[in-house]
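What follows is a set of notes on a single structure, which appears directly below.
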Amino acid sequence: MNELHVQFLSSPAWAATLEAELLPWLASLAELGDDVLEVGPGPGLTTDILRARVSRVTAVELDDDLASALASRLAGTNVDVLHGDATATGLASDRFSTATCFSVLHHMPTPDTQDRLFAEICRVLRPGGTFAGIDSVDSAFMRDAHVDDTFVPVDPDTLGRRLEVAGFDAPSVVVVEGRVRFVARKPG
């Protein structure tokens, strides 16, 4: 991510957006369960929301500096920070009750990488587990916000099918105010 993007994701403005938009949506989902995987926590504002609601969170972050800072900040809490590639976590199969991915997919370099992530998340979820995420849709504003940054937005029209190919059942994909929200379940 470019530096302005990292600063925004650490800002009070983004925290307020998460409180106003993410929290109500998360509350509308089924229970998150006891062991949640968060993909791409960045500076960790979403991690803070999750850790207040579940027993255990494992946050997988690719960026060295972000992973290190988050691990230091959350040392001794109910969060384990794993510095690594979320497309190949090495985590146990069938472990997590829920997996989340908030504003991460468009930072992945290719749709194929996104698809590998979907397959890995399906592998580590328990049977009946939930995969829930939010991401940006393509727009001139979002392209401008990602200058000198990776921006590969997911197509809401094809996302459901891609999740099914990765092994999920009955994905729900909706676009709300420039963001795609999706929920899918691992077959139980």
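None of the figures in this text is laboratory data; all of them are computed from the coordinates on show. All values reported here derive from a predicted model rather than from experimental measurement. When we count neighbours, we look across all protein chains shown, and the Cβ atoms used for this are built from the backbone with ideal geometry, even at glycine.
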- Item | Charge dipole (the chain, unit charges on Cβ, about Cα centre) - positive-most of VAL165, ALA67, SER28 | SER28
- Item | Projected-area average for segment 83-186 over all orientations - Cα convex hull basis, square nanometres | 6.5 nm²
- Go through segment 83-98 residue by residue and turn each phi into a ³J(HN,Hα) via Karplus (6.51, -1.76, 1.60, θ = phi - 60°); whole Hz please, and just put x for glycine and proline. 7, x, 8, 5, 7, 8, 6, x, 6, 5, 5, 6, 8, 8, 6, 8
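Hey, fewest Cβ within 10 Å first, where do VAL60, VAL79 land in order?
VAL79, VAL60
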- Apply the Debye scattering formula to the chain, with a single equal point scatterer on each alpha-carbon and no solvent, then give log10 I(q)/I(0) at q = 0.19 Å⁻¹. -1.51
- Task: Please report, to two decimal places, log10 I(q)/I(0) for segment 1-87 at q = 0.11, 0.15 Å⁻¹ as given by the Debye formula with identical point scatterers on the Cα atoms and no solvent.
- Result: -0.29, -0.55
- Could you work out which residue, out of PRO156, PRO43, PRO24, moves most in a Gaussian network model of the chain, that is, has the largest mean-square fluctuation with Cα springs under 10 Å? PRO24
- Message: Spelling out what I want: for every residue of segment 172-187, take phi, set θ = phi - 60°, compute 6.51 cos²θ - 1.76 cosθ + 1.60 (Karplus), and round to whole Hz; glycine and proline get x.
- Response: 10, 10, 9, 10, 10, 6, x, 10, 8, 10, 9, 9, 9, 10, 6, x
- First obtain the Kirkwood hydrodynamic radius of segment 57-101 from its Cα pairs, then insert it into the Stokes-Einstein equation at 25 °C and 0.890 mPa s, and state the resulting D in µm² per second as a whole number. 219 µm²/s
